[in-house]
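Scroll down for the structure; my scribbles are underneath it.
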Amino acid sequence: MTKSVITLDHIELTLGTGASSVHVLKGISLAIVGGQSVGIVGPSGSGKSTLLMVLAGLERIDSGSVEIAGQKLETMSEDATAAFRGKNIGIVFQSFHLIPNMTALENVAVPLELAGHSDAFAIAKRELAAVGLADRITHYPGELSGGEQQRVAIARALAPSPKILIADEPTGNLDTTTGRQIADLLFQKQKDLGLTLVLVTHDPALSARCDREIRVRSGLIEADEDAPQLKKTA
């Protein structure tokens, strides 16, 4: 039986204080096995992106347990969580989050250097080539298209060889054709590297490509099932 690499147990999270507080996650429990691709869908404000941030250790929970690759995040300090995330979890955001005054190569290499990799630039060069940007490594984000910027972000996320890749609306800022290319790249990397892929998306076609689809509404899991594409071919 494949072991769960992500386990959430009765997660509760309220954001804000007093009259402005919002109960965002309401006792969510789920387990995701290693190598699985999972699409998290739901209406705006349902809590899906917050759930993703909890999985990444970027949002602290009020109660419950978050176990990632055998480690309980709620027992770790912020520094320890950041170090753990840097080794085990790659994150791709909708808005790329590249540093504008750094080249593509530097955007990928500098986080590796900060994590103590002595061969950071060699790794970065290899990862950029692997996402089709071997000839763009000296370009700055402003000189790259949206799709190229997202490829840099993917290379940066994959450079530390994480076990888990988390993506928050990875095609949301891209046109349809470019978005499809980025989706193809994500799923190909997930397959080639044996990664666990967890993505939040508003795109039904993207979530249908996952092994599993989790629908979130009002801070609760409304449905958790095989993705539509799998059911069609079953």
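The values are calculated or read from the model by the stated rules, or taken from the named source; none is laboratory data. Source: prediction; values computed, not measured. No Cβ is skipped: glycine too gets one built from the backbone with ideal geometry, and neighbour counts run over all protein chains shown. Quick note on the areas: whole protein, heavy atoms, side chains included, nothing else; ligands and nucleic acids left out. Shrake-Rupley method; radii C 1.70, N 1.55, O 1.52, S 1.80 Å.
Determine, yes or no, whether Glu127 is of a type outside the set (Lys, Arg), out of contact with any strand residue (DSSP E or B) (no Cβ under 7 Å at 6 or more places or on another chain) and closer than 15 Å to Ile99 by Cβ. Here the answer is no, as Glu127 does not meet what is asked.
Does Thr14 satisfy being more than 24 Å from Ala153 (Cβ to Cβ), at pLDDT 90 or above, among the hydroxyl-bearing types (Ser, Thr, Tyr) and open to solvent by 40 Å² or more (accessible area, probe 1.4 Å)? Answer is yes for this residue. Residue pairs whose Cβ atoms lie under 8 Å apart, separated by 6 or more positions or on different chains, with the first residue in region 46-65 and of a type in the set (S, T, N, Q) and the second part of a loop (DSSP other than H, G, I, E, B), are Ser46/Ser218; Ser46/Gly219; Ser49/Glu169; Thr50/Glu59.
For first residues located in region 177-204 and free of Cβ contacts under 8 Å to residues at least 12 places away in the same chain, partners that are open to solvent by 50 Å² or more (accessible area, probe 1.4 Å) and lie 6+ apart or on another chain with Cβ distances below 9 Å form the pairs Arg180/Ala205. None of Asp62, Asp79, Asp9 is touching an Asp or Glu at 6+ places or on another chain (Cβ under 7 Å) and open to solvent by 30 Å² or more (accessible area, probe 1.4 Å) except Asp62. Note on region 96-112: among residues that are open to solvent by 50 Å² or more (accessible area, probe 1.4 Å) and in a loop (DSSP other than H, G, I, E, B), the one that is nearest to Gly172 (Cα to Cα) is His97.
On the stretch given as region 113-138, residues that are over 24 Å from Lys87 (Cβ atoms), surrounded by fewer than 16 Cβ atoms within 10 Å (Cβ to Cβ) and either in contact with a helix residue (DSSP H, G or I) (Cβ under 7 Å, 6 or more places away or on another chain) or not charged (D, E, K, R) (or both) total 3. Taken together, the criteria place Gly142 among residues that are out of contact with any Leu (no Cβ under 7 Å at 6 or more places or on another chain) and at pLDDT 95 or above. Counting only strands (runs of 3 or more DSSP E) that sit wholly inside region 113-223, those with at least 1 residues that are touching an Asp or Glu at 6+ places or on another chain (Cβ under 6 Å) and of a type outside the set (Val, Ile, Thr) are 212-217. Going by the structure shown, is Ala223 at pLDDT below 90 and closer than 15 Å to Pro43 by Cα? Yes: the conditions hold for Ala223.
Checking each residue in region 42-56 for being more than 18 Å from Glu213 (Cβ to Cβ) and either open to solvent by 40 Å² or more (accessible area, probe 1.4 Å) or in contact with a helix residue (DSSP H, G or I) (Cβ under 6 Å, 6 or more places away or on another chain) (or both) picks out only Gly45.
Given the criteria basic (Lys, Arg) and out of contact with any helix residue (DSSP H, G or I) (no Cβ under 8 Å at 6 or more places or on another chain), does Arg209 qualify? Judged against the criteria, Arg209 is not a match. Check region 153-168 and report whether any residue there is at pLDDT 95 or above, acidic (Asp, Glu) and open to solvent by less than 60 Å² (accessible area, probe 1.4 Å). No: region 153-168 contains no residue that is at pLDDT 95 or above, acidic (Asp, Glu) and open to solvent by less than 60 Å² (accessible area, probe 1.4 Å).
Identify the residue in region 17-41 that is open to solvent by less than 60 Å² (accessible area, probe 1.4 Å) and hydroxyl-bearing (Ser, Thr, Tyr) and, among all such residues, is nearest to Ile166 (Cα to Cα). Full working, then the answer.
The initial filter retains those residues of region 17-41 that are open to solvent by less than 60 Å² (accessible area, probe 1.4 Å), namely 21, 24-25, 27-41.
Narrowing further to those that are hydroxyl-bearing (Ser, Thr, Tyr): 21, 29, 37.
On the way: Ser21: 27, Ser29: 18, Ser37: 10 Å.
Ranking the qualifying residues of region 17-41, first place goes to Ser37.
Screening Ser63 on (1) at pLDDT 95 or above; (2) hydroxyl-bearing (Ser, Thr, Tyr); (3) within 16 Å of the chain's Cα centre (by Cα) shows it passes everything except condition (3). When region 37-51 is filtered for residues that are more than 18 Å from Pro204 (Cα to Cα) and either of a type outside the set (Val, Ile, Thr) or over 14 Å from the mean Cα position of the chain (by Cα) (or both), only Leu51 remains.
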